[in-house]
Structure formats: C-alpha cells, structure tokens
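The values are calculated or read from the model by the stated rules, or taken from the named source; none is laboratory data. Fair warning: this is a prediction, and the values are worked out from it, not measured in the lab. Here the Cβ is made from the backbone with ideal geometry for all residues, glycine too, and neighbour counts use every protein chain on show. We work out accessible area using only protein heavy atoms, side chains counted, and drop any ligands, DNA or RNA first. Shrake-Rupley method; radii C 1.70, N 1.55, O 1.52, S 1.80 Å.
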Amino acid sequence: MLYLTGIVIDLFLVVLLASKRNKSEADVILTVWLFLIGLHLFLFYLFVTKRYYEYPLMLGLGIPFPLLHGPFLFLYTSSLTQQVNHGVLRFLHFLPFVLAYLLMLPFFFSPAEHKIYTYEHQGSAYQWILFPLHLAIIISGILYVVLSLGKLSQHRKNIENQFSNTDKINLNWLRYLIFGMAVIWIAVIFTSDAYIYATVVVYVFFIGFFGIKQTAVFAPNSPVPPMEVPPGELADEDVHGQSAAGIPEEKADVHKIKYLKSGLSGKDQEEIHDMLNRLMEQKKPFTNPDLTLGEMAEQLDVHPNNLSQVINSVAQKNFYDYINSRRVEEFIYLAGRPENQQFTLLSIAYECGFNSKSSFNRNFRRITGLSPSDYLKHQRGDSAD
C-alpha cells in the first residue's frame with residue numbers, strides 16, 4: 001500500500017509539472033526524473049507483490065535504475081543554478097546506466113522461465129554482473145550527491161559576489177533535495193530493499209510537500225525561477241567567511257592567481273578602488289537593501305567583472321561582505337551620534353541598508369564579534385572612561 005501511495009503521488013506531481021506553462025529546462029529535467037522514480041517504484045512493487053509472474057518481460061528492468069537518480073539530481077541542480085553544460089558531454093552521465101543495460105541483455109532475451117528461476121534464486125548465474133553493479137550504484141550515489149553539493153556551494157559563492165542581500169534567495173529547496181537523496185543512499189548502503197524503497201516513497205512525499213510549499217516549483221503558470229547570476233558578471237570563486245579586517249596573507253594570493261589573465265592593471269585597480277571609495281562616502285549606495293554588483297558597476301561606469309576583481313583583490317572581500325561591512329560601519333557611526341539616541345537600533349539598521357533584524361544581527365556579529373547592543377555598550381563605556 002505504501003508503494004502504491006508513493007506511485008500515485010509521484011504521478012500526480014508529474015502531471016502538475018507536465019501541465020505547467022513556460023516550463024524551464026529545470027522543470028523538464030524534474031518532470032522526467034519524477035516519472036522515472038515512479039516507474040522505478042512500480043517495478044519494485046511488481047517484485048514485492050510477486051506480480052512479475054504475470055509480467056516476466058519486465059523482470060530486471062529496474063535493476064540499473066539507481067544509476068539514473070544521481071545524474072538527474074546533478075543535472076537538475078546544475079540547471080536550477082544556471083551552471084549546466086549544454087553540450088553533448090552531459091549525456092555521458094548516463095553512460096553507466098546504458099552499459100548496465102547492455103551487460104544485462106543476455107538476461108532480458110532469456111526465456112520467461114529462466115528469468116523467474118533467476119529471480120527466485122537471488123540472481124544465481126548473474127552474480128558477476130550484480131556485485132559490480134551494486135558497487136557502481138553506491139559510488140554513483142555518493143559521487144553525485146557530493147557533486148551536487150559542490151554546485152550548490154559554488155552557486156552560493158556566486159550569489160555572494162553579486163548580491164548584497166541574500167535573504168530573498170532561498171536555496172532550501174535544493175538543499176533539502178540533495179540531503180534527501182543522501183539519506184536514500186545511506187539506506188542503500190546500510191539497509192535492505194524494503195527500507196530503501198520506503199525511503200524513496202518518503203522522498204516523493206517530501207518533494208511534493210516542499211515543492212508545492214515553494215509554489216514556483218509546481219505552480220501551473222510559473223516557471224521555476226532560476227537561481228541566476230547575471231550573465232557576464234560571474235566571478236568563479238571567492239574567499240568567503242573572512243573578517244571585515246581582511247584575510248590572511250596566504251589566502252590573498254588566491255585572488256592574484258584567479259585574475260592572473262585579467263587585462264586590468266594594478267593602476268587601473270587602484271583607480272576603480274578610489275572611485276568606489278568616493279561613491280561609498282558621497283552617495284552611500286549600500287543603503288539600498290537590494291543593491292547588486294551590476295547596479296553599482298553601472299553607477300561607476302565600469303564593467304561588473306572589473307568591479308568584482310577590485311573588490312576581491314584590493315578590498316579582499318566578496319561583494320556581499322564588502323557592502324555589509326559598509327552598512328555596519330554606517331550603523332556604528334549613526335548609532336553613536338547623540339541626535340539618534342531616540343531611535344531603535346533596528347530602525348537605524350534599516351536606514352543603513354539592512355532589510356531584516358536577522359540579517360543585521362548576523363552580519364554585525366560576524367564583522368565585529370559582538371551583538372549590536374553589546375558593541376554599543378562597550379563603545380559608550382570606553383567613551384565614559
């Protein structure tokens with residue numbers, strides 16, 4: 001009953017996605033993937049209920065299917081984060097699946113009686129295929145979970161090099177999807193088939209619940225909004241998590257290597273950095289809570305790639321850290337002025353460009369090491385001395 005419920009919910013989600021207008025590439029990938037998950041569950045249902053006696057032609061069809069789920073997770077993650085390879089090479093991810101089917105051709109073309117006998121005797125003469133196939137499935141699952149997490153991590157870095165506020169960019173859907181798949185592969189390694197497929201059914205429930213909750217995934221008239229970084233403005237990597245004071249000497253070399261082939265000279269970098277500092281002091285663009293790298297580059301009349309290089313190499317921060325450190329500095333300045341004592345800390349924070357209490361507190365503590373109230377108490381205590 002559990003498997004049938006999972007199959008029905010899976011098909012319902014497939015219909016929702018298939019009927020969605022203006023489908024994105026990510027929608028198409030998810031639709032095909034969900035259909036294959038449903039087919040996989042159906043084939044296992046035939047095995048569990050021993051209905052394969054009635055459909056011997058379908059025996060063994062589901063055995064290589066686990067080799068599909070890792071690649072589909074990876075391609076969906078890549079597409080949703082705009083990091084997909086549109087060439088023929090991406091189809092190489094399905095080569096192990098194709099090879100597995102080719103190896104199993106002798107079984108598929110064998111008589112029905114032979115297939116049933118093989119199933120009833122745990123694969124008997126086909127153990128030479130089943131053991132390496134099981135190993136390949138485990139390796140594939142672990143590998144593609146790791147690769148998908150890498151794509152997600154890279155996307156987070158790209159976002160922080162483009163946006164000053166990431167609160168509205170929700171990566172939870174993808175994060176849950178990847179970790180859910182990781183749980184399935186843990187079940188593959190440590191449990192039996194019954195528990196594995198029960199976990200898959202729970203995963204389908206999970207996709208339905210969180211996908212419908214994040215309405216853009218299954219909404220009929222809305223494509224999944226790509227978690228996009230503006231084209232031509234992408235910075236490959238950055239060093240994240242450093243303090244406002246800068247980063248260690250050895251990490252600063254990363255930026256030199258990264259922009260080694262850039263046409264921007266050291267003098268040009270200093271000029272753009274000076275322009276950036278003047279803009280910060282005079283117009284305070286960081287007070288715009290939705291400021292992006294592209295908008296600030298337009299104000300400076302420089303290419304976004306060049307501005308990103310200057311912030312990374314000269315200021316030694318990514319865009320997100322740079323802008324929020326400026327907001328913290330502005331907050332400290334405004335909160336210390338006597339005429340602003342009547343205002344709440346949060347209202348001053350909003351004035352400086354923060355758009356939520358959580359974002360303000362998180363960035364302030366990361367940069368100063370203290371909460372806003374503790375920092376101000378400490379400052380006032382020093383002033384009183």
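For this structure, a couple of remarks:
- Restricting attention to segment 195-224 and to residues that are open to solvent by 50 Å² or more (accessible area, probe 1.4 Å) and modelled with pLDDT of 85 or more, the residue that is nearest to L30 (Cα to Cα) turns out to be F205.
- Screening V98, V32 for residues that are free of Cβ contacts under 8 Å to residues at least 40 places away in the same chain, of a type in the set (V, I, T) and open to solvent by 40 Å² or more (accessible area, probe 1.4 Å) leaves exactly one candidate, V98.
- Qualifying residue in segment 329-352 (condition: crowded, with 21+ Cβ neighbours inside 10 Å, at pLDDT 90 or above and within 28 Å of the chain's Cα centre (by Cα)): no
- Residue in segment 41-61 that is open to solvent by less than 20 Å² (accessible area, probe 1.4 Å), touching an Asp or Glu at 6+ places or on another chain (Cβ under 7 Å) and under 19 Å from I137 (Cβ atoms) present: yes
- Within segment 125-165, the set of residues being open to solvent by less than 50 Å² (accessible area, probe 1.4 Å), of a type in the set (A, V, I, L, M) and within 30 Å of N363 (Cβ to Cβ) comprises L152, I159.
- Against the test of being surrounded by fewer than 15 Cβ atoms within 10 Å (Cβ to Cβ) and out of contact with any Pro (no Cβ under 9 Å at 6 or more places or on another chain), the options N277, N306, N288 yield a single qualifying residue, N277.
- Selection of helices (runs of 4 or more DSSP H) fully inside segment 87-201 by the criterion of at least 1 residues being small (G, A, S) returns 95-103, 112-120, 127-160, 172-190.
- Count of residues meeting criterion [in contact with a Ser or Thr (Cβ under 8 Å, 6 or more places away or on another chain) and not polar (S, T, N, Q)] in segment 108-155: 6
- Annotation: K20 fulfils all but one of (1) among the basic types (K, R); (2) assigned to a loop (DSSP other than H, G, I, E, B); (3) open to solvent by 30 Å² or more (accessible area, probe 1.4 Å); the unmet one is (3).
- Looking across segment 46-71, the residues that are within 21 Å of G180 (Cβ to Cβ) and touching a residue at least 24 places away in the same chain (Cβ under 8 Å) come down to F65, P66, L67, L68, H69, G70, P71.
- Residue ranges of helices (runs of 4 or more DSSP H) in segment 294-385 with at least 3 members β-branched (V, I, T): 319-335
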